[in-house]
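The values are calculated or read from the model by the stated rules, or taken from the named source; none is laboratory data. Note that the coordinates shown come from a computational prediction; the quantities given were computed from them, not determined experimentally. Here the Cβ positions follow ideal geometry from the backbone for every residue, glycine too, while neighbour counts run over all protein chains shown.
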2 protein chains.
Amino acid sequence: MKYHALDTPALLVDRDRLEANLHNMAELTRCHGKMLRPHAKTHKTPEIAQMQLAAGAVGLTVAKLGEAEVFAEAGCTDIFIANQIVGEQKLERLVRLARQCTLRVGVDSLEVAVPLSEAARRAGVRVGVRLEVDTGLHRAGVRTKEEAIALAHALAKLPNLELDGIFTYEGHLYQANSDQERAIAIARMSETLADLRESLVRQGFAISVTSVGSTPGARFTAPVPGLDELRCGVYVFNDRMQVARGAPKESCALTVLTTVISVRPDGRVIVDAGTKALASDKPFADQTMGEVLEDTSLRFVAASEEHGHLQAEGGTRLRVGDKVRIVPNHACTCVNLHERMYVVKGEEVEDVWEIRARGKFL
Amino acid sequence: MKYHALDTPALLVDRDRLEANLHNMAELTRCHGKMLRPHAKTHKTPEIAQMQLAAGAVGLTVAKLGEAEVFAEAGCTDIFIANQIVGEQKLERLVRLARQCTLRVGVDSLEVAVPLSEAARRAGVRVGVRLEVDTGLHRAGVRTKEEAIALAHALAKLPNLELDGIFTYEGHLYQANSDQERAIAIARMSETLADLRESLVRQGFAISVTSVGSTPGARFTAPVPGLDELRCGVYVFNDRMQVARGAPKESCALTVLTTVISVRPDGRVIVDAGTKALASDKPFADQTMGEVLEDTSLRFVAASEEHGHLQAEGGTRLRVGDKVRIVPNHACTCVNLHERMYVVKGEEVEDVWEIRARGKFL
């Protein structure tokens, strides 16, 4: 079946581009002797997780316990939840999952660690923990070396937890205006993390892993000695946010197929994909909502919930019923709106993958 | 069960506020002798549709055929798809649905109408159509009176279609800077629609309904003679976009319950609801991502996919594990991310409703 025959909106993934993206990141990390633990929140799809593991990933990263459960169920044996898990209901599920697979989870305070330790002790399991460090995003994570060392000492007194690493998410790099700024920010971050790790090791903690995240940071972090593990997510698909940060346009593997439903004489073209099929993310100066693959002269000027508003300068050849593919601004939030993705090679639909961790935010 | 006991993120709807919102819009339209045909794309939930119909709504509006199927299956007998339905697969489903319920659908071109007519003829059903008029949003819809009249004449020649009304969506009102601007825009729109309808009637077309949309426009459109039907959607919940356009804060019925997972000494509070539980909509000058119901001094300064970033000036009493409710910026895109909503009266969870039309964008 050709993808043109699919009803729309439909999420398409280009298999060749997906495979190239997987290969490139696997190579970058392998050549620099780094571990790759891809963030599965981007694709939420067991088939892609299996491809990542087959390409050499040491395990998966997820943001949510519900995602970890889906991937464990699908056979992944080593999962890091790079987030704080809080609340009795979740902790019961977490310790159950810790029996099924090698599970690590983030901690940045005793308020998070104590109930986790208690739940693990009651269940008679050991849970790996990694200490989250805030290196500039100002999200979760300890802010100072003193805070990190105090927390490590406190963690050491808690039963059934095993501290084996430190991690950060350098999401503040998305704000950098140039590769030079990005490189300098990475250099500072690396220094901070190395200093912290050295202090922890000197005090007797067995910190075997320093883990960093982020796709746009990867080409800068991969070469740095002492950064052991990369948790890139969006590299599998890339998107317009990544292109704005240096990814090649030809690496965008994900598109939303959409049908033209209205064409006006002034070149306004309305398609059947809006923010409920593409997400509302507009992280750009130009404020456009996506890019039309077939005709980049069409500007995606606005989106309602169920309509995309395209504008063609000086008329268009598009007609009602024509189908075009939109490259989304942000692959992660776009994928989360769909139940399945169609795997395309050239024009042929080769597979349909269920996005099994979609909406698993509990 | 108290809502505090729910695992998070969880979508809550306050039953009292929901009922008050339903009652108020029903009263506004009833007193002015107008028909209310609520847009169900906001709630996507059969239980709320039933409440709207019980309160006097003449039927439902939807944006998508998949939504229409869900509500017809749930027993709704009169549905208007206020959108252009394009493509053979959808048209086959549409004519099947037209056997189950009174179905009307938008048209703004012959390219949309001809295949619809052919599908209806093949299936031996009659389908109601309404002519979409662009009154300033520049989305779908005919732009001029001449275009409208020409299309009406062409529609009259197509078998199995029954033109009974004209409709517009005055979404451009969201851009108005004041109620005065909004009132003037509505006055102009009303004049345009009245003039068009008169012309159509004079040429022999049985136009029995002029239908308009939009919650923030309702208090201006409801009194206007000649506007027969209102298709408001978001009034059931309201949200921060509506509050910015004059809705009372106390009318916001929808919140996302979220748990504090990290607190930093500078007053940074991280919660477990980000753009995948709230949506990414930021239609505000202040660029905040939502409002904390329990403490409006906390600013929702940023959201990652799975984290909300709140900032408290001068410290906070919130601790890890505390739960707060976030009023979303945009209820429609927020609801679309959830599988179910918890119906709350005071602190008590009284019901759980499945959001059955969630993601039905085909």
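Within the stretch A:311-362, how many residues are in contact (Cβ under 8 Å) with a residue 60 or more places away in the chain, assigned to a strand (DSSP E or B) and within 14 Å of chain B (Cβ to nearest Cβ)?
The qualifying residues number 8.
Please state which of the following conditions B:A68 fails to meet, knowing it meets all the rest: (1) crowded, with 18+ Cβ neighbours inside 10 Å; (2) farther than 30 Å from B:A194 by Cβ.
(2)
Write out, first by first residue and then by second, each pair whose Cβ atoms fall under 6 Å of each other, whose residues are 6+ apart or on separate chains, and whose first residue, in the stretch A:93-112, is within 14 Å of chain B (Cβ to nearest Cβ) while the second is of a type in the set (K, R).
From residues that are within 14 Å of chain B (Cβ to nearest Cβ), the pairs are A:G106/A:R130.
Filter the stretch A:134-158 down to residues that are surrounded by 17 or more Cβ atoms within 10 Å (Cβ to Cβ) and in a helix (DSSP H, G or I), then give me how many there are.
6
Just to be sure before I move on: is B:L131 closer than 17 Å to B:T210 by Cβ, modelled with pLDDT under 95 and either in a helix (DSSP H, G or I) or within 14 Å of chain A (Cβ to nearest Cβ) (or both) in the structure I sent? Let's see the steps before the verdict.
Details: closer than 17 Å to B:T210 by Cβ: yes; modelled with pLDDT under 95: no; either in a helix (DSSP H, G or I) or within 14 Å of chain A (Cβ to nearest Cβ) (or both): yes.
For B:L131, the condition - closer than 17 Å to B:T210 by Cβ, modelled with pLDDT under 95 and either in a helix (DSSP H, G or I) or within 14 Å of chain A (Cβ to nearest Cβ) (or both) - is not met.
Scan (1) among the basic types (K, R); (2) surrounded by fewer than 21 Cβ atoms within 10 Å (Cβ to Cβ); (3) closer than 30 Å to A:A10 by Cα for the single condition B:K249 breaks and write down its number.
(3)
Applying the selection to the stretch B:282-310, what residues are part of a loop (DSSP other than H, G, I, E, B) and either at the interface with chain A (Cβ under 10 Å from one of its Cβ atoms) or among the hydroxyl-bearing types (S, T, Y) (or both)? Please lay out each step first, then the result.
Going residue by residue through the stretch B:282-310, those that are part of a loop (DSSP other than H, G, I, E, B) are B:282-289, B:293-297, B:304-307.
Scanning the stretch B:282-310 gives B:K282, B:P283, B:T288, B:T296, B:S297, B:S304, B:E305, B:E306, B:H307.
Can you tell me which residue among A:T316, A:T259 is over 30 Å from A:Q84 (Cα atoms), at pLDDT below 95 and not basic (K, R)? Reasoning before the result, please.
Working: A:T259 fails: at pLDDT below 95.
Result of the check over A:T316, A:T259: A:T316.
Look through the stretch A:32-50, keep the residues that are free of Cβ contacts under 8 Å to residues at least 40 places away in the same chain and surrounded by fewer than 24 Cβ atoms within 10 Å (Cβ to Cβ), and return whichever of them is farthest from the other protein chains (Cβ to nearest Cβ). Please lay out each step first, then the result.
Of the residues in the stretch A:32-50, the ones free of Cβ contacts under 8 Å to residues at least 40 places away in the same chain are A:33, A:49-50.
Okay, now just the ones that are also surrounded by fewer than 24 Cβ atoms within 10 Å (Cβ to Cβ), so A:33, A:50.
Details: A:G33: 29, A:Q50: 23 Å.
Checked the stretch A:32-50; the qualifying residue farthest from the other protein chains (Cβ to nearest Cβ) is A:G33.
If the requirement is being crowded, with 18+ Cβ neighbours inside 10 Å, outside the structural domain of A:S211 (by TED's automatic domain parsing) and outside any loop (DSSP other than H, G, I, E, B), which of these qualifies: A:L103, A:L22? Break it down into steps so the answer makes sense when it comes.
Details: A:L103 fails: outside the structural domain of A:S211 (by TED's automatic domain parsing).
None of the other options fit; the residue is A:L22.
If B:R264 satisfies all but one of (1) surrounded by fewer than 24 Cβ atoms within 10 Å (Cβ to Cβ); (2) within 24 Å of A:N336 (Cβ to Cβ); (3) within 14 Å of chain A (Cβ to nearest Cβ), what's the number of the condition it fails?
All conditions are met except number (2).
So is A:V349 closer than 18 Å to A:R15 by Cα and surrounded by fewer than 23 Cβ atoms within 10 Å (Cβ to Cβ) or not?
Values: closer than 18 Å to A:R15 by Cα: yes; surrounded by fewer than 23 Cβ atoms within 10 Å (Cβ to Cβ): yes.
Judged against the criteria, A:V349 is a match.
Mind listing whichever residues of the stretch A:118-128 are surrounded by 22 or more Cβ atoms within 10 Å (Cβ to Cβ) and either free of Cβ contacts under 8 Å to residues at least 40 places away in the same chain or within 14 Å of chain B (Cβ to nearest Cβ) (or both)?
Step one: list which residues in the stretch A:118-128 are surrounded by 22 or more Cβ atoms within 10 Å (Cβ to Cβ), which gives A:119-120, A:127.
The answer is A:A119, A:V127.
Taking only the stretch B:294-331 into account, find how many residues are surrounded by fewer than 17 Cβ atoms within 10 Å (Cβ to Cβ) and of a type outside the set (D, E, K, R). Lay out the reasoning, then the answer.
Initially, the stretch B:294-331 is screened for residues surrounded by fewer than 17 Cβ atoms within 10 Å (Cβ to Cβ), giving B:294-297, B:301, B:313-315, B:317, B:319, B:321.
Next, only the ones that are of a type outside the set (D, E, K, R) stay: B:296-297, B:301, B:314-315, B:321.
The total comes to 6.
Test B:V224 against the criterion of being more than 14 Å from chain A (Cβ to nearest Cβ), under 22 Å from the mean Cα position of the chain (by Cα), surrounded by fewer than 22 Cβ atoms within 10 Å (Cβ to Cβ) and outside any helix (DSSP H, G or I), and give yes or no.
On the way: more than 14 Å from chain A (Cβ to nearest Cβ): yes; under 22 Å from the mean Cα position of the chain (by Cα): yes; surrounded by fewer than 22 Cβ atoms within 10 Å (Cβ to Cβ): yes; outside any helix (DSSP H, G or I): yes.
When the stated conditions are applied, B:V224 passes them.
With the checklist (1) away from chain A (no Cβ under 13 Å); (2) touching a Cys at 6+ places or on another chain (Cβ under 9 Å); (3) crowded, with 24+ Cβ neighbours inside 10 Å in hand, flag the one item B:A279 doesn't pass.
(1)
Return the residues of the stretch A:272-305 that are closer than 17 Å to B:Y169 by Cβ and either in contact with a Lys or Arg (Cβ under 6 Å, 6 or more places away or on another chain) or touching a residue at least 60 places away in the same chain (Cβ under 8 Å) (or both); say none if nothing qualifies.
A:D272, A:K276, A:E305 - these are the residues of the stretch A:272-305 that are closer than 17 Å to B:Y169 by Cβ and either in contact with a Lys or Arg (Cβ under 6 Å, 6 or more places away or on another chain) or touching a residue at least 60 places away in the same chain (Cβ under 8 Å) (or both).
Considering every residue within the stretch B:159-169, establish whether at least one is within 11 Å of another protein chain (Cβ to nearest Cβ) and either in contact with a Leu (Cβ under 9 Å, 6 or more places away or on another chain) or surrounded by fewer than 21 Cβ atoms within 10 Å (Cβ to Cβ) (or both).
Taking the stretch B:159-169 first, the residues within 11 Å of another protein chain (Cβ to nearest Cβ) are B:169.
Filter again for either in contact with a Leu (Cβ under 9 Å, 6 or more places away or on another chain) or surrounded by fewer than 21 Cβ atoms within 10 Å (Cβ to Cβ) (or both), leaving B:169.
Yes, the stretch B:159-169 has at least one match.
Is at least one residue of the stretch A:171-180 crowded, with 21+ Cβ neighbours inside 10 Å, in contact with a Pro (Cβ under 9 Å, 6 or more places away or on another chain) and either at pLDDT below 95 or assigned to a helix (DSSP H, G or I) (or both)?
Narrowing the stretch A:171-180 to residues crowded, with 21+ Cβ neighbours inside 10 Å: A:173.
Restricting the remaining residues to those that are in contact with a Pro (Cβ under 9 Å, 6 or more places away or on another chain) gives A:173.
When the remaining residues are screened for being either at pLDDT below 95 or assigned to a helix (DSSP H, G or I) (or both), the result is A:173.
Scanning the stretch A:171-180, I find at least one residue that is crowded, with 21+ Cβ neighbours inside 10 Å, in contact with a Pro (Cβ under 9 Å, 6 or more places away or on another chain) and either at pLDDT below 95 or assigned to a helix (DSSP H, G or I) (or both), so the answer is yes.
Of everything in the stretch B:246-261, what is away from chain A (no Cβ under 14 Å) and not in a loop (DSSP other than H, G, I, E, B)? Give them in sequence order.
Passing the criteria: B:K249, B:E250, B:S251, B:L254, B:T255.
One residue is enough: does the stretch B:181-203 have a residue meeting the conditions touching a Ser or Thr at 6+ places or on another chain (Cβ under 6 Å), among the acidic types (D, E) and over 25 Å from B:G246 (Cβ atoms)?
Looking for residues that are touching a Ser or Thr at 6+ places or on another chain (Cβ under 6 Å), among the acidic types (D, E) and over 25 Å from B:G246 (Cβ atoms), one finds none in the stretch B:181-203, hence no.
Can we say A:V243 is of a type in the set (V, I, T), over 19 Å from A:H307 (Cα atoms) and more than 10 Å from chain B (Cβ to nearest Cβ)?
Working: of a type in the set (V, I, T): yes; over 19 Å from A:H307 (Cα atoms): yes; more than 10 Å from chain B (Cβ to nearest Cβ): yes.
Yes, satisfied.
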